[in-house]
Amino acid sequence: MLGMVRIKSHQRGLLFRYGDFVKLLPPGKHRFWSKLWSKQCDTVEIVDTLVTRFEHQFLDVLVRNAAVREALTLVELADHERALIWKDGRLLYIAGPGRHAFWNEPYKLEVETFDTNTLRFEHDKMDAIVAHPGGAKWLVGVNVDEHEDALLIKDGEIIEKLGKGRHMFWAQVNRVSWKAIDRREQVADVAGQEIMTMDKVTLRVNLLVTYQVVDSLKAVMVVSDHAQALYREAQLALRAAVGTRTLDALLADKESIGGEVKNVLAGRAADFGVVVKSVGLKDIILPGEMKTILNQVIEAEKAAQANLIKRREETAAARSQANTAKLLAENPVLARMKELELMQEILAGAKVTFVLGDGDIAGQLRRLSKSDELGS
């Protein structure tokens, strides 16, 4: 009985007899005369070398054969090793621990092996490696902006401060993480909290705190969250500053509150690597009934001020009239001129001719006016 197998140029054949591997069959026609073929004791498994990675359940047995080893590129990786397999200059696989086999033909293969004990991964083709589907499995990384610091943490311990740029590390070997710290100026809006003044008035105060991290290591090591710690310290300092003032003193000098809070806050913030730039009161919110009372007080004060101004003006007018009367009494000529001015104002627009003699002009005018009344 004749049996034949045809293997194409991009294929290889695996000959098994009674289930045991015999040899690797190259491309071409292969004939079998043995009765074993008719009884299917000899079998040929055809594999495609265009599928670059060769995976088989009997791989460990197959690679003992010299022809198989020559046809394959074997990559043996320990637990702490990783490999990049490049096919014709393009990244094909990122391989982890274990035995990996790849067909040598019809492509050009290159293998790069790395020791993950070095932790940091660096490569001149980083973009292609990170973009590869296997990159997310075997690599972790962080992009640090110019205004940031990133603290690298390995197995719970900070081991390095990372500067600007992309930093990649081997995953699944060590517990690697990082904490990014923004070194730009930040603003914390300390929301209103109810505080009682020294004169027992309950109000709410909103505070704005401007700060900047200057020591990233302290900001992470001393407190778990530097922003939250600053917020808490600002609340305590504000409560202490308001509690020592009356409501009138608080409303009269709000700036002093910000200065006092800043002085207290700056010392505590320096302990965890933060510089306080400025502190200011944003809002002072009073209870409804207190607003009504204050409005009444302000209205009364303004009314009193208006009344005082009115009295001052009346007094000034009376004083001016008294001074004028005294001046006219002491200067008859000036009084006569004043009379003429008054007469001119009275007769303005009238077509009347008066002939007056010597004497008091004002008296003559009065007599003239009286005689007009009698004639009428």
Hey, can you tell me all the residues within the range 29-60 that are within 12 Å of PHE16 (Cα to Cα) and at pLDDT 80 or above? THR43, VAL44, GLU45, ILE46, PHE58
Could you please give the count of residues in the range 198-210 that are out of contact with any Lys or Arg (no Cβ under 6 Å at 6 or more places or on another chain) and either assigned to a strand (DSSP E or B) or among the polar types (S, T, N, Q) (or both)? 6
Among VAL261, VAL274, VAL242, VAL279, the single one that is at pLDDT below 85, in contact with a Leu (Cβ under 9 Å, 6 or more places away or on another chain) and within 20 Å of VAL209 (Cα to Cα) is VAL242
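Condition check ((1) surrounded by 14 or more Cβ atoms within 10 Å (Cβ to Cβ); (2) more than 30 Å from ILE153 (Cβ to Cβ)) across all residues:
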{"residue": "GLY13", "(1), (2)": "yes, yes"}
{"residue": "THR49", "(1), (2)": "yes, yes"}
{"residue": "ARG64", "(1), (2)": "no, yes"}
{"residue": "VAL68", "(1), (2)": "yes, yes"}
{"residue": "ALA95", "(1), (2)": "yes, no"}
So PRO133 passes all but one of these: (1) surrounded by 14 or more Cβ atoms within 10 Å (Cβ to Cβ); (2) assigned to a loop (DSSP other than H, G, I, E, B). Which condition number does it fail? (1)
Consider the range 142-165. How many of its residues are under 20 Å from the mean Cα position of the chain (by Cα) and assigned to a strand (DSSP E or B)? 9
Which numbered condition trips up THR197, out of (1) under 27 Å from the mean Cα position of the chain (by Cα); (2) at pLDDT below 90? (1)
Residue in the range 97-109 that is farthest from the chain's Cα centre (by Cα), counting only those that are in a strand (DSSP E or B) and exposed (fewer than 13 other Cβ atoms within 10 Å of the Cβ): ARG99
Just wondering, is there one or more residues in the range 252-261 that are in a strand (DSSP E or B) and not aromatic (Phe, Trp, Tyr)? no
Residue check: is HIS100 in contact (Cβ under 8 Å) with a residue 24 or more places away in the chain and more than 26 Å from ARG12 (Cα to Cα)? no
Return only the number of the condition from (1) touching a strand residue (DSSP E or B) at 6+ places or on another chain (Cβ under 6 Å); (2) closer than 16 Å to VAL220 by Cα that VAL140 does not satisfy. (2)
Can you tell me how many residues in the range 220-235 are part of a helix (DSSP H, G or I) and either in contact (Cβ under 8 Å) with a residue 12 or more places away in the chain or not assigned by TED's automatic domain parsing to the domain that holds ALA269 (or both)? 10
State yes or no: is LYS326 in the same structural domain as LEU265 (by TED's automatic domain parsing), basic (Lys, Arg) and modelled with pLDDT of 65 or more? no
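The values are calculated or read from the model by the stated rules, or taken from the named source; none is laboratory data. Treat the numbers as computed from the prediction; the structure is a model and nothing was measured. When we count neighbours, we look across all protein chains shown, and the Cβ atoms used for this are built from the backbone with ideal geometry, even at glycine.
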